[in-house]
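**Q** I'd like to ask some things about the structure below.
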Amino acid sequence: MLGLDFSFFTWEVFRGYVLGGLYFSLGLTAVATLGGIFFGTLLALMRLSGSKVLEVPATIYVNGMRSIPLLMVLLWFFLLVPMIIGRPIGAEWSAVITFIAFEAAYFSEIMRAGIQSIPRGQVFAGQALGMSYGQNMKLVILPQAFRNMLPILLTQTIILFQDTSLVYIITAHDMLHGFSTAGANLSHPREAYILAAVFYFVICFALSYLVKMLQKKIAIIR
């Protein structure tokens, strides 16, 4: 009834148009997750340090980033940063920098909640053993916080993967861009966007199922 024809989507089409974009979307997700967790953890520690010199700028950054749409931040980096530094940085690098900077704010709140969820007795025990603040965090608090927050961190990663489709607006070659190009070049735009939605759904549903299984496993260990 809708006149849809998916026969155009062959392995050759997938390999020629979509596969490279899929690799970029997954790679961007991985890099942004690792970078976001790293810088987010630093931001969380700054906010919990008790020092106004560290706490205030970290709080301003986190609240500021969380108050601005990701698409707007992406456009800022893509359009304004080249004007500031005097040379283009490309759509892909703009996407990487934006996602790390943006996700750091969200991972920061997750890690801050994870650190605060650790009983204070653990902190006092580390101090009683003569550990410094840094040693206590590295050896006692952060390992437990990461374990407690792992399902939430992975859920945020799934959301991050969905958000990678926004880089389409700056012409970065992600998975959505691959489907769009295939649909435009092969005269099947409707089918291409439907297939893109199916791919995003399957990948995110599979990852969500894995997170659910992990939550059950962690609950059993506890």
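**Q** Can you give the relative contact order of the chain as a percent, counting alpha carbon pairs under 8 Å and 6+ residues apart?
**A** Across the chain, relative contact order equals 30 percent.
**Q** At 222 nm, what value in deg cm²/dmol follows for the chain if DSSP H runs of at least 4 each add -39500 (n - 2.57) and the sum is divided by all its residues, to the nearest 500?
**A** -25000 deg cm²/dmol
**Q** Rounded to whole Å, give me the distance from the Cα center of region 1-69 to that of region 170-222.
**A** Taking the Cα centre of each part, region 1-69 and region 170-222 sit 14 Å apart.
**Q** When a/c is below 1.5 the answer is rounded, else prolate if a/b is larger than b/c, else oblate, so apply that to region 133-222 with a ≥ b ≥ c taken from the square roots of the Cα gyration tensor eigenvalues.
**A** Cα axes put region 133-222 in the oblate bin.
**Q** Still on this structure, I have one more. Is the shape of region 45-87 rounded, prolate or oblate, going by the alpha carbon gyration tensor and its root eigenvalues a ≥ b ≥ c, with a/c under 1.5 for rounded and a/b larger than b/c for prolate?
**A** Because a/c hits 1.5 or more and a/b fails to exceed b/c, region 45-87 counts as oblate.
**Q** Also, quick follow-up: Rank the residues Thr171, Thr155 as a footprinting-exposure proxy: fewest other Cβ atoms within 10 Å of their Cβ go first.
**A** Arranged by neighbour count, lowest to highest, Thr171, Thr155 become Thr171, Thr155.
**Q** Cα gyration tensor of region 11-221, axes a ≥ b ≥ c as square roots of the eigenvalues: rounded (a/c below 1.5), prolate (a/b > b/c) or oblate?
**A** oblate
Quick note: the coordinates plus some simple rules give every number you see, no bench work behind them. Model, not experiment: these values are computed from the prediction. Cβ: placed from backbone, ideal geometry, glycine included. Neighbour counts: every protein chain shown.
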